[in-house]
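Read through the structure below, which is laid out as structure tokens, and then see the notes.
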Amino acid sequence: MTLQYIFELTGTALFAASGALVANDKSNADWFGVTFLGLITCLGGGSFRDILLGAYPLAWIKDISVLIAGFTGIILAALFYNALKRYRKNLFIVETFALGMFTIIGTQKALDFGVHPLIAAVMGMFSAVMGGVLRDVLTNEIPVLFKKEIYATACVAGALLYVLLVRTSSFPQLNLILSALLIVFIRFISVRYKLSLPKFRN
Amino acid sequence: MTLQYIFELTGTALFAASGALVANDKSNADWFGVTFLGLITCLGGGSFRDILLGAYPLAWIKDISVLIAGFTGIILAALFYNALKRYRKNLFIVETFALGMFTIIGTQKALDFGVHPLIAAVMGMFSAVMGGVLRDVLTNEIPVLFKKEIYATACVAGALLYVLLVRTSSFPQLNLILSALLIVFIRFISVRYKLSLPKFRN
Amino acid sequence: MTLQYIFELTGTALFAASGALVANDKSNADWFGVTFLGLITCLGGGSFRDILLGAYPLAWIKDISVLIAGFTGIILAALFYNALKRYRKNLFIVETFALGMFTIIGTQKALDFGVHPLIAAVMGMFSAVMGGVLRDVLTNEIPVLFKKEIYATACVAGALLYVLLVRTSSFPQLNLILSALLIVFIRFISVRYKLSLPKFRN
């Protein structure tokens, strides 16, 4: 349990940092705006999920550590801005692991609420991607989600694997790790080989 | 009751299909993005209403059939894409009936929550239009709502008629049908004669 | 208590009026759209806060007077459009006082919910600024929040002062007034001397 909590706080800091960097690059926001957008990125997905589920109180409202983790990430992003820019590729790797973890933790939270496994998978995906979507909407960008890259699809795939494993396997930690790794794997492969999903219809 | 349920699922499928078609035309989204936006279109309005009312659990989270109806609509839209494009006018007619029904069903749900009739009318309008608004916001379009056409206004008019009828008439089915037809009528007339509301001030 | 209620309704009317004017200037919306956007401006911030807190029922859904206050503001804005345009500067002054009050009332509502003082300050800021953010997002504008002006930062500063005063002083009315005045002061100074926050990183 404690390990998952540490993971969540670390993931939150990471999402906040990466959200702040994107907001800084794509908008004219001052440091307040960038901080605001960084926090939206890291808290938005889970809040979106919990509001849809009616799962009150929201995690970051109940536990101030979550907000502090987000702030910490943003401050670190400001301090190590140049290094982070230079090692963008390494950042992508860490981010992708966080994406995988956020998805599966979100899926599990939805399952705890007793919803249908398909709904839980959707909620897991929301947890991971809606923060970035909200940030993009607020800065008048088209969300990454609706661009070519395989991104949310990877999250859905991992979440579906997870709800399947939960029913069949009795190794909770393993289920989490395998499903998160599937997300990481799909994302790496699709970025590496520039894979993209087909269009709906032309 | 069963008839209303069938209507709701059909309306959901229809809204999902039409939302997916609009998303496909207006954005560069791949099939995942189009599916996502189609589902937002059909589930967004009711979710928006229920979150404002605190009416948990949300319909589509409680009952997986709603999500399946949405998916079905989107799959059918992909399969019969060309036909749907060709008969766009007929689609508009069916859509308008769904719009009317969504509005009135949404108004009734709000009334069931014991809110003021005016609030219920607003909630009815939200149920019908906010899904499309959310889709447009996510794809960086100005929502139809804020363009010239008489659209949400028709929903408000029908919803207001409904809350009036509910107080005076004792034929629930008739109230629903008359109010939904008023919406359809206003919408048809305004599109046919290119009517639009005046500007606020120039 | 009654005084605070009168303040809230007046503030709501004012925010609705100013929201409608901005929507009228920046978008092509007809009077329905402008009314809709004016109401979003005055109700959006408090609704956003209450949905995050799970503070049901929302103020404007429980008490129809809030919606009526909003409508009244919008009707007055239409009637006195030219005068309001001419005295824009005076309007700015009144608006800023409303901004200060909305922030502190929102902060207090969050504190009543037993949240951490930092969270309460964030909620106070949300109460004051998110209505305008939602309006801007719906009309495809970049929210003022993410532009240069010191705006939300002033709200956060006032809210932080308030949560501090609440712990130390025993004069509730004075706490409210001092904190709201800090917001007004920062806002006036920053507009007068064209102050802006530094960038995050270049």
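The values are calculated or read from the model by the stated rules, or taken from the named source; none is laboratory data. Keep in mind the model is a prediction, meaning the values are calculated, not measured. We place every Cβ from the backbone using ideal geometry, glycine too, and count neighbours over all the protein chains shown.
Values as computed for the structure displayed
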quantity: Any chance A:ALA13 is at negative phi, more than 14 Å from chain B (Cβ to nearest Cβ), in contact (Cβ under 8 Å) with a residue 12 or more places away in the chain and of a type in the set (A, V, I, L, M, F, W, C); calculated: yes
quantity: Residues that are more than 14 Å from every other protein chain (Cβ to nearest Cβ) and surrounded by 12 or more Cβ atoms within 10 Å (Cβ to Cβ), drawn from the range B:186-202; calculated: B:PHE188, B:ILE189, B:VAL191
quantity: Candidate set: the range C:112-139, residues that are in contact (Cβ under 8 Å) with a residue 40 or more places away in the chain, at the interface with chain A (Cβ under 10 Å from one of its Cβ atoms) and in a loop (DSSP other than H, G, I, E, B); chosen: the one farthest from A:ASP136 (Cα to Cα); calculated: C:PHE113
quantity: Only one of C:ALA13, C:ALA20 that is in a helix (DSSP H, G or I), within 27 Å of B:LEU195 (Cβ to Cβ) and in contact with a helix residue (DSSP H, G or I) (Cβ under 6 Å, 6 or more places away or on another chain); calculated: C:ALA20
quantity: Residue among A:ILE150, A:ILE177, A:ILE183 that is surrounded by 15 or more Cβ atoms within 10 Å (Cβ to Cβ), closer than 15 Å to A:PHE97 by Cβ and of a type in the set (A, V, I, L, M, F, W, C); calculated: A:ILE183
quantity: Among residues of the range A:25-35, those that are free of Cβ contacts under 8 Å to residues at least 24 places away in the same chain and at the interface with another protein chain (Cβ under 8 Å from one of its Cβ atoms), counted; calculated: 4
quantity: Criterion: more than 27 Å from A:ALA55 (Cα to Cα) and touching a Pro at 6+ places or on another chain (Cβ under 7 Å) - qualifying residue of B:ASP25, B:ASP30; calculated: B:ASP30
quantity: From the options C:VAL129, C:VAL133, C:VAL166, residue that is among the hydrophobic types (A, V, I, L, M, F, W, C), in contact with a helix residue (DSSP H, G or I) (Cβ under 8 Å, 6 or more places away or on another chain) and surrounded by fewer than 20 Cβ atoms within 10 Å (Cβ to Cβ); calculated: C:VAL166
quantity: Subset tally (residues that are buried (at least 17 other Cβ atoms within 10 Å of the Cβ) and either modelled with pLDDT of 85 or more or of a type in the set (Asp, Glu) (or both)) for the range A:82-94; calculated: 1
quantity: Hits in the range B:62-106 (condition: within 14 Å of chain A (Cβ to nearest Cβ) and touching a Lys or Arg at 6+ places or on another chain (Cβ under 7 Å)); calculated: B:ALA78, B:TYR81
quantity: Failed item in (1) more than 13 Å from every other protein chain (Cβ to nearest Cβ); (2) in contact (Cβ under 8 Å) with a residue 24 or more places away in the chain, with A:LEU165 passing the rest; calculated: (2)
quantity: Of all residues in the range C:104-140 being over 16 Å from C:ALA13 (Cα atoms) and of a type in the set (Ser, Thr, Tyr), the one that is farthest from the chain's Cα centre (by Cα); calculated: C:THR139
